[in-house]
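The values are calculated or read from the model by the stated rules, or taken from the named source; none is laboratory data. In this text the structure is predicted, and so the values were computed from the model without any measurement. Note that we place each Cβ from the backbone using ideal geometry, even for glycine, and neighbour counts take in every protein chain shown.
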Amino acid sequence: MPTPGLDGYAPAWLKPEHADLAALARDFFTEQVLPHAERLERQGHPDREHYRRAGELGLLGLSVPEEYGGGGGDFTHEAVLLHEQAKCGEGSLGLAVHSGIVTGYLCHYGTEEQKRRWLPGLCGGDLVGAIAMTEPGGGSDLQAIRTKAVPDGDDYLVTGSKTFITNGALADLLILAVKTDPSQGAAGISLLVCELGDDRPGFKRGRLIEKIGLHANDTAELFFDEFRVAKDNLLGAEGAGFFQMMAQLPQERLVIGVGAVAVMQRAVELAVAYAKERTAFGKPLIAHQNTRMVLAECATRTRASRIFLDDCIARHSRGELDVPTAAMAKLWLTEGQCEVVDKCLQVFGGYGYTTEYPIARMYADARVQKIYGGTNEIMKELIARVL
Ligand SMILES: Cc1cc2nc3c(=O)[nH]c(=O)nc-3n(C[C@H](O)[C@H](O)[C@H](O)COP(=O)(O)OP(=O)(O)OC[C@H]3O[C@@H](n4cnc5c(N)ncnc54)[C@H](O)[C@@H]3O)c2cc1C
């Protein structure tokens, strides 16, 4: 059933093959992962088995070339997968990072040898990917990171710590932002691909960070003390890290936008259905003028958001999504998500505040969208710079 207010709308980039992918993804999330949702929330991280199952079904690395074990598609395929995941309310698997971000760095900057070494494991679900930029001392000012990598023969010795790392508890493969030249700002940053293992000397995972939402997805601290990483694991050139991140962040922000719009659609669907079924003062909620107005606003915001998102996806597929436009998408779509979910929650009255109803979880999960991937204040900076 289409989202109320989106009837008859289809993105211009949609091709017939996307419908099969969407159905496969939807079935996987709803039949194989969601039945475990409560347990996954309690344990605070996804099941590794679910990554493997997603890999077997061909749902990981959809935009990775087939020769490296991927789906041979493009960003539109990743967008379909992430839309379906968010739309059905599956929040354990960190696919936005694993497939939406990590494989992209390897495809863009990896050597042939690096791609052959790591991409098949990520696409098959045997390896879980993560990316670590943020440090306890600060996340917005990326140039000021302090984790350092000091050359030692054929290796680097990495010392420092990272925090808020999505997939951090399970990650086997980590793209790690380090300073290879601490005397420099942006030009001193490099990216290392770290093969993590809890038995590797110099590496420790911290506690699972307790959050107000996204309970089934792991967010962790990572500590490095003279952790040995081969120089062969450098991604691209020394000193290129900051520029690589700046080039990849538009995709990360778009991925966040995909989730934001899917959640808006779900919120409108849930609230409209509830407003038709629940009665107050002898008539359905939807027959009360205020409820009608609120739902009309939410449906309009959702449709406009969807169209903006689809324009950005189409631009990105053509290699034309620039930094300020991606920042606008992240800013406006996540603000819209929080606003729409809040208004839809209100329609549920007291039930909207109980975790039994999905809208309550959606409310708690939404808040972080304005924070990670670069805060919305930083997005406004990026937009204002080109005005
Ligand atoms: C659930 C979750 C998952 C995350 N996943 C990852 C991950 O996988 N990898 C990763 O590297 N990071 C991750 N992060 C970290 C996230 O990207 C950072 O929290 C974010 O970038 C902000 O950094 P900070 O928390 O250090 O805040 P700060 O940089 O300390 O900012 C604090 C406040 O000051 C504002 N501010 C800062 N500078 C300016 C400025 N110039 N102008 C105006 N306002 C400003 C910010 O907008 C914010 O409101 C995650 C965070 C969370 C909560």
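Some notes on this structure:
- Unique match (being under 21 Å from T111 (Cα atoms), β-branched (V, I, T), crowded, with 19+ Cβ neighbours inside 10 Å and at pLDDT 95 or above) among V158, V178: V178
- The set of residues in segment 81-133 being more than 16 Å from A54 (Cβ to Cβ), surrounded by fewer than 22 Cβ atoms within 10 Å (Cβ to Cβ) and free of Cβ contacts under 8 Å to residues at least 60 places away in the same chain consists of C107, T111, E112, K115, R116, R117.
- Boolean, A299 is surrounded by 18 or more Cβ atoms within 10 Å (Cβ to Cβ), under 22 Å from the mean Cα position of the chain (by Cα), over 21 Å from Q251 (Cα atoms) and small (G, A, S): no
Matching residues to (1) of a type in the set (A, V, I, L, M, F, W, C); (2) under 30 Å from T111 (Cβ atoms):
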position	(1), (2)
F242	yes, yes
A247	yes, yes
M264	yes, no
G282	no, no
M293	yes, no
T300	no, no
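- Which listed residue is under 23 Å from G91 (Cα atoms) and within 16 Å of the ligand (Cβ to nearest atom), from V323, V341, V368: V368
- Among (1) closer than 30 Å to E67 by Cα; (2) of a type in the set (A, V, I, L, M, F, W, C); (3) more than 10 Å from the ligand (Cβ to nearest atom) - the single one V158 does not satisfy: (1)
- Residues located in segment 230-246, provided they are in a helix (DSSP H, G or I) and within 16 Å of the ligand (Cβ to nearest atom): G241, F242, Q244, M245, M246
- Residue among T103, T134 that alone is within 18 Å of the chain's Cα centre (by Cα), more than 13 Å from the ligand (Cβ to nearest atom) and of a type in the set (V, I, T): T103
- Segment 161-170 - residue that is within 8 Å of the ligand (Cβ to nearest atom) and not in a strand (DSSP E or B) and, of those, nearest to G100 (Cα to Cα): N167
- Segment 171-193, residues that are within 12 Å of the ligand (Cβ to nearest atom) and touching a Pro at 6+ places or on another chain (Cβ under 8 Å): none
- For the residues L191, L214, the requirement of being touching a strand residue (DSSP E or B) at 6+ places or on another chain (Cβ under 8 Å) and of a type in the set (A, V, I, L, M) singles out L191.
- Answer from F227, F203, F223 - the residue that is within 15 Å of the ligand (Cβ to nearest atom) and aromatic (F, W, Y): F223
- Residue count for segment 172-202, restricted to those that are in contact (Cβ under 8 Å) with a residue 40 or more places away in the chain, more than 21 Å from the chain's Cα centre (by Cα) and assigned to a loop (DSSP other than H, G, I, E, B): 5
- If you check G336, G373, G282 for being within 18 Å of the chain's Cα centre (by Cα) and at positive phi, only one passes: G373.
- One residue stands out among those in segment 1-18 that are in a helix (DSSP H, G or I) and surrounded by 12 or more Cβ atoms within 10 Å (Cβ to Cβ): the one that is nearest to the chain's Cα centre (by Cα), which is H18.
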